[in-house]
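Report on one structure; see the data block that follows.
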Amino acid sequence: MTDVFDHPWLGGLFADAEMAALWSPDAQLAGMRAFEAAFSRALGRAGLAGAAQAEAAAQAIEAMDFDMADLRAGSGNDGVVVPRLVAQMKAAAGDAAGAVHKGATSQDVIDTATAMAMRASLSLIDNRLATLARVLQALDARFGDAPLMGRTRMQAATEITVRDRIAPWLLPLADHRARISEARPRIARLQLGGASGDRKALGDKAAQVAQDLAAALSLENPPRAWHAMRDGVAEFAGLLSLISGTLGKMGQDIALMAQQGIAEIALSGGGASSAMPHKQNPVLAELLVTLARFNAVQLSGLHQALIHEQERSGTAWALEWMILPHMAQATGRALEVAITLTAQINRIGTPE
């Protein structure tokens, strides 16, 4: 069964092509290829492989094509794609194969590629948050002074202004951008630990290799591998849920304001009903609520994945692969929807 993000028609509602591309198989392969090529060069510069051999290996890795059927079969057999991936890279490197993956492990490759995907996702999200802030500020400038009935516990309270209603949609966006800036170094980090996470196979050159590799990939260089310390991944997921939750609150407000009989907002481009042609459903507002609740549920799964036994977990690690791409796409789509929905607001405030 195809999930809603890739579904032939449900994808029209849920899919975010730009975010999906950052987590696609092609992007994952690009991240793993980048790790292995940079790692070979780092080995050469550290004297752990011949310089010419290391460069030949890196160039072979960068130029090769992958046998996808073999990678799929290998993942089913080994539980991870990297053993077959590395075998293909060594075959492509030929005489330079000794400079491929020497002293690294599967988790180093996959986690570094994931860190690169999280970094790219944060940049996309940050840009969309900035855009959403601008369009909400423009909405405030147009309608902010208009009167609106304040509602507490969904009951009429006292009169407020539209600006008061918009503020909880707008103000958290700056906080989310600040959180992204602060958290990025804890999220976009190199993974390099080798077999048991202690970098022992790299000997006294471990620090040099890690520093070189992190610089080449534009990632932070932590003091040791985070194989069994998944707080950075969980923090990324938490940011996604916080952001989509803020947008869900906005969507819930707009859906309630659009109710017939209340009509505190007028939207263009609403959804049609197959049975009731008089209806204009607030589809995008509802979608923001759905995506927020989806991410809230998925976050609990990511927090389960914090529990890695000893130096490496297969079960918790694989759980991240299942959850993270969907959370990222849900958040990206929510931001896209919020920007579009704001542009569809033609009037907001208490009807005269």
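The values are calculated or read from the model by the stated rules, or taken from the named source; none is laboratory data. Computed from a predicted model, the values in this text were never measured in an experiment. In this analysis, Cβ positions are derived from the backbone assuming ideal geometry, glycine residues included, and neighbour counts consider all displayed protein chains. Surface areas here come from the heavy atoms of the whole protein model, side chains and all, with no ligands, DNA or RNA. Shrake-Rupley method; radii C 1.70, N 1.55, O 1.52, S 1.80 Å.
Some notes on this structure:
- Verdict on residue 298 being modelled with pLDDT of 90 or more, open to solvent by 30 Å² or more (accessible area, probe 1.4 Å), among the polar types (S, T, N, Q) and at negative phi: yes
- Verdict on residue 41 being within 30 Å of residue 174 (Cα to Cα) and of a type in the set (D, E, K, R): no
- Those residues of the range 1-24 which are closer than 15 Å to residue 329 by Cβ and either free of Cβ contacts under 8 Å to residues at least 24 places away in the same chain or in contact with a strand residue (DSSP E or B) (Cβ under 6 Å, 6 or more places away or on another chain) (or both), in sequence order: 2, 4, 6, 7, 10, 11, 12, 17, 21, 24
- Where a residue in the range 74-99 is under 20 Å from residue 314 (Cβ atoms) and its partner, wherever it lies, is of a type outside the set (Lys, Arg) and exposed (fewer than 15 other Cβ atoms within 10 Å of the Cβ), with Cβ under 8 Å and at least six apart: 79/314; 79/318; 84/70; 84/73; 84/78
- Within the range 100-141, tally of residues that are of a type in the set (A, V, I, L, M), closer than 30 Å to residue 201 by Cβ and without any contact (Cβ under 8 Å) to a residue 40 or more places away in the chain: 0
- Comparison of 213, 124, 129 shows that the only residue that is assigned to a helix (DSSP H, G or I), under 29 Å from the mean Cα position of the chain (by Cα), closer than 27 Å to residue 83 by Cβ and not basic (Lys, Arg) is 213.
- Criterion: hydroxyl-bearing (Ser, Thr, Tyr) and closer than 25 Å to residue 336 by Cα - qualifying residue of 123, 106: 123
- Against the numbered list (1) in a helix (DSSP H, G or I); (2) modelled with pLDDT under 95, residue 89 comes up short only at (2).
- Among the residues of the range 225-265, the one identified as of a type in the set (Asp, Glu) and open to solvent by less than 10 Å² (accessible area, probe 1.4 Å) is 264.
- Residue, surrounded by the fewest Cβ atoms within 10 Å (Cβ to Cβ), within the range 163-181, restricted to residues that are touching a residue at least 60 places away in the same chain (Cβ under 8 Å) and closer than 12 Å to residue 243 by Cα: 179
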